[in-house]
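Everything on this sheet refers to the single structure shown next.
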Amino acid sequence: MKTSRRDMVAAAGGGLAALAALGVTENTNAQGQATVEINADLLATLRDCVDKMAIKELFGRYAHAIDTGDSEGWAAVFTEDGQYELFGNTTKGRPAIAAAITGRREGRPHSQHRMANHVINIDGDTAHSVCEFCVIAERQGRIDTITAGFYEDDLKRVNGQWLIARRQIQIKTDPAILEPPEA
């Protein structure tokens with residue numbers, strides 16, 4: 001006899017509502033023993049959502065680290081042999097990545113990296129992502145877009161944590177916008 005989700009919730013109260021919503025059903029086998037089945041498709045969809053949230057949080061740590069000049073924190077979002085590519089140059093490995101921004105904030109205005117329109121495809125312990133970004137900063141008393149473009153990433157799950165294996169930065173900003181406006 002199969003117990004419906006509605007019957008499970010009604011019999012047990014709201015405590016099992018979450019399990020029922022996740023596709024957990026109780027059945028009885030031919031020997032009269034209770035068994036529990038889990039909807040595998042629903043659990044796979046849930047795992048996909050959780051992974052995508054973790055990847056977006058990784059991108060948030062990337063932005064906060066680079067905006068605050070935390071070179072070690074910035075390097076930590078990459079795999080040990082991770083790399084980023086910008087203007088035809090490749091920086092590879094955490095030590096080189098950390099060195100790339102060490103001391104960079106000195107004499108520069110505070111910047112904020114913003115990312116949006118994420119498209120993330122997950123395949124087991126690897127993923128591919130594309131998103132748009134812009135960097136804003138205060139210059140001469142106003143907020144300006146410093147640069148904008150796309151991040152294209154290859155990611156790996158390492159010890160249960162998503163990390164960037166390769167980030168290709170595609171700048172799509174008119175070079176004139178990089179110059180401060182005339183006062």
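Could you look through segment 22-43, keep only residues that are outside any strand (DSSP E or B) and modelled with pLDDT under 70, and pick out the one that is surrounded by the most Cβ atoms within 10 Å (Cβ to Cβ)?
Gly23
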Could you list, in sequence order, all residues of segment 60-81 that are of a type outside the set (A, V, I, L, M, F, W, C) and not in a helix (DSSP H, G or I)?
Gly69, Asp70, Thr79, Glu80, Asp81
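Quick grid of which residues meet (1) part of a strand (DSSP E or B); (2) touching a residue at least 24 places away in the same chain (Cβ under 8 Å); (3) of a type in the set (Lys, Arg):
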| residue | (1), (2), (3) |
| --- | --- |
| Arg114 | yes, yes, yes |
| Ile120 | yes, yes, no |
| Ile143 | yes, no, no |
| Gly149 | yes, yes, no |
| Asp154 | yes, yes, no |
Taking the options Phe133, Phe87, name whichever one is at pLDDT 95 or above and of a type in the set (A, V, I, L, M, F, W, C).
Phe133
Complete set of residues in segment 111-125 that are surrounded by 10 or more Cβ atoms within 10 Å (Cβ to Cβ) and charged (D, E, K, R):
Arg114, Asp125
Just a yes or no: is a residue in segment 82-93 assigned by TED's automatic domain parsing to the domain that holds Trp162, assigned to a strand (DSSP E or B) and of a type in the set (Val, Ile, Thr)?
yes
If you check Ala75 against the conditions, is it surrounded by 15 or more Cβ atoms within 10 Å (Cβ to Cβ) and at pLDDT below 95?
no
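The values are calculated or read from the model by the stated rules, or taken from the named source; none is laboratory data. If you're wondering where the values come from, they're calculated on a predicted model, not measured in any experiment. Every residue, glycine as well, gets a Cβ built from its backbone with ideal geometry; the counts of neighbours run over all protein chains shown.
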